[in-house]
Each structure stands twice: as structure tokens, then as C-alpha cells.
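Nothing in this text is a laboratory measurement; each read-out follows from the coordinates by a stated rule. It should be emphasised that the depicted structure is a prediction, and the values quoted were computed from it without experimental measurement. Please note: Cβ atoms are built from the backbone with ideal geometry, for glycine as well, and neighbour counts cover all protein chains shown.
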């Protein structure tokens, strides 16, 4: 990825096939109802996505994520998937698993995706009813997981946590570990894109609870017996030299627009799928032109003035992510109380961890704490 960034090769791509979903999660940042999507009428056909995939392949894309909304809800998903699988992409699927039926199982067994990530929203029908608006979504998810466990893929389970299901983490985790040793949580829920039907402020957790959940899950997963799974790859420090992170646009402290991109359901190429703009138009101008123009759109973008001297950014507690700031405030130039709260809670957690490590070293050296 770092080498590709240095050459500005779009090695990592995301195709957001649809913004529609068969669940109605109250915190979703992208979901549109079918009437909303029908009113816009911008969903791309299989032919358009397959042609775009061919252009992306020629430009150097190797890793391809198919997501949504719920990507399996695209009426031509099977046709798109088979075509991109035959092209040789290393494919990841993000899905809620509710639509994984016999045909999808057969398709995935014939052309196994490298990675399938399923999000869980609860461990019982009642929780799915509260979070997703559909009690039957739980049984459909479990049925989909039973099918996916028969596919030769790396299955990963994730839990998005809000006020309605955070107390159920132990049960959600137990359910997930029945199907895969790979489990993670996402208790950070950001505001939705304009026009999206969700009520994030009413359901997301306070920053202090978010960090406690992260720590709880980290400790639990680290205590599990070692699994016979692929080794964990080294994670680069974002500011380490020669990783590509220091390349333009430097306002993005990641590889977005440097080695990765996302193409939205309505045809916009953005730096990642948390952006709504700035964007280029690959279906109109062609993939190559859209990719080459993308970094220049960030030339005048800067972090908010307040962030330039904030210690939360200096000690790495705050990621200072522009699209998340925009989602929260409607501007790239304003700070967010929620994001600042997360950063403060993260810094406090980091300092507590460092203090414990320091005490442990002193104890090992036989030095008593005064």
C-alpha cells in the first residue's frame, strides 16, 4: 500500500453498489429508503460497474471492497460479483448476511471472496427490532452466517454498538465467536450524510463509554487461546517515513486519495466512503482522469485552526479526520464536540495505560511507588 501510494497507484478500491438496505438501522450513515433511491435514480447497472472495474484493474486496483447499503440488494449483484471475481481482484464483501441464500452461497463457493465482513446488531430478535427495525433480521443473519461458514473465506464479525445494544456485548461476542475468531467492535457512530434517514444523536454512546467498550473488548480478545489463523501484519505508524502517508494531500493522515478510493452508488469517486465531497466523476470522465484529479481537490483544505495547537492531535489521541468533521458539523473548518470528546477520552485511556506500564516496570525492578 505504501509503495503504491508513492507511485499514486489506486491499489485499493471500494464500490458502493447501492445505498439501499433491507434493515433500517437507526444510526446508519448512508442508508436511503427505496423511495428516496428511486427518486434519485442514480444506481449504476451491472454493465456500468463491470466496465468501471475493468478500468480500475487497468489502473492498478488489486483489492476491491463491495459494499452498500446492503450490496446483495443490488438486483444484479451476482452478475457484478462473478465478473469482478473472474478479473482477479482480491475481493472483500461487507454485508449484514440476511440475504445470503442458497444462490449466494453457491456463487461464493464457486468464486470465494478473500474476506467477508458481517456486522451484528444484537444477539436476539428483540434487539434487532430495536436497532434495525426488524426482529426477523436476527434469524436471517444467523442463517446467512451458517451458509458463510461453508465458504472458503476469511469470515470476520463486527458489532456496531449504540445505546440500544451496548449492554449486550458479551452475548453478541459469544455469537460471533461461534462463527469466527475474528471479532471487533465499532462503538463510534458519526452523524449521517445529508438526506440519510437516521437519528444518530439520540442513540450513540458518550465518549467515555466508547473507550471503556474498546478496552473491554481488547482485554477479552487478548485473553482468548491462540487461534490457528493468519498472522497479524505489522501496523505502520501514520507518520513513519517512506510509508506514503506523508504524501499529498497531507491533510489526509491516511492513504485515501494516495493509494485508495471509493466510488459511491451514484457515481462519485471520493477519497474514502466517509466523504461525500470533494469528488470526481469516473462514469462521466473515465476512471483514469477521475483518479488523477482526486488529490488536487484537497490542495486548499486545511485542518480547523483550533486543531493546529491542540495537544490531542500532537499526542495522537485525535485522528482529525476531515470527512468525520464534515459529517458532524457540515464543514471541514469547524471542530466537533463529539470528536473532541472522543479524543479526550482516548488520551485519558492512553495515559492510564502508560501509568500502569510504568508501575509494572518499577515493580519488576524492585522499586516501590512512593
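Percent of Cα pairs in region 253-370 per distance bin of 5 Å, from zero to the largest separation: 2, 10, 16, 16, 13, 12, 9, 7, 5, 4, 3, 2, 1, 0. Rg ratio for region 2-223: its Cα radius of gyration over 2.2 N^0.38 Å, N being its residue count, equals 1.04.
Applying 0.36 nm per residue to the separation of residue 365 and residue 3 and subtracting their alpha-carbon distance, the gain on full extension is 126.1 nm.
Relative protection proxy for 163-171, 292-300, 130-138, from highest mean packing down: 130-138, 163-171, 292-300 (other beta-carbon atoms within 10 angstrom). Measuring between their Cα centroids, region 124-186 and region 298-341 lie 32 Å from each other. The Kirkwood radius of region 302-370, taken over pairs of alpha-carbon atoms, gives through the Stokes-Einstein law at 20 °C and 1.002 mPa s a diffusion coefficient of 156 µm² s⁻¹. Taken over region 55-118, the alpha-carbon convex hull comes to 81 cubic angstrom per residue. Beta bridges from DSSP with both residues in the chain: antiparallel share about 10 percent, rounded to the nearest 5. Over region 83-168, the reciprocal of the mean inverse Cα-Cα separation, the Kirkwood hydrodynamic radius, stands at 13.6 Å. By the count of other C-beta atoms within 10 Å, a proxy for reagent exposure, 264, 308 are ordered fewest to most as 308, 264.
Protection proxy ranking, highest mean first, for peptides 143-152, 48-57: 48-57, 143-152, where packing is the per-residue count of other beta-carbon atoms within 10 Å, averaged.
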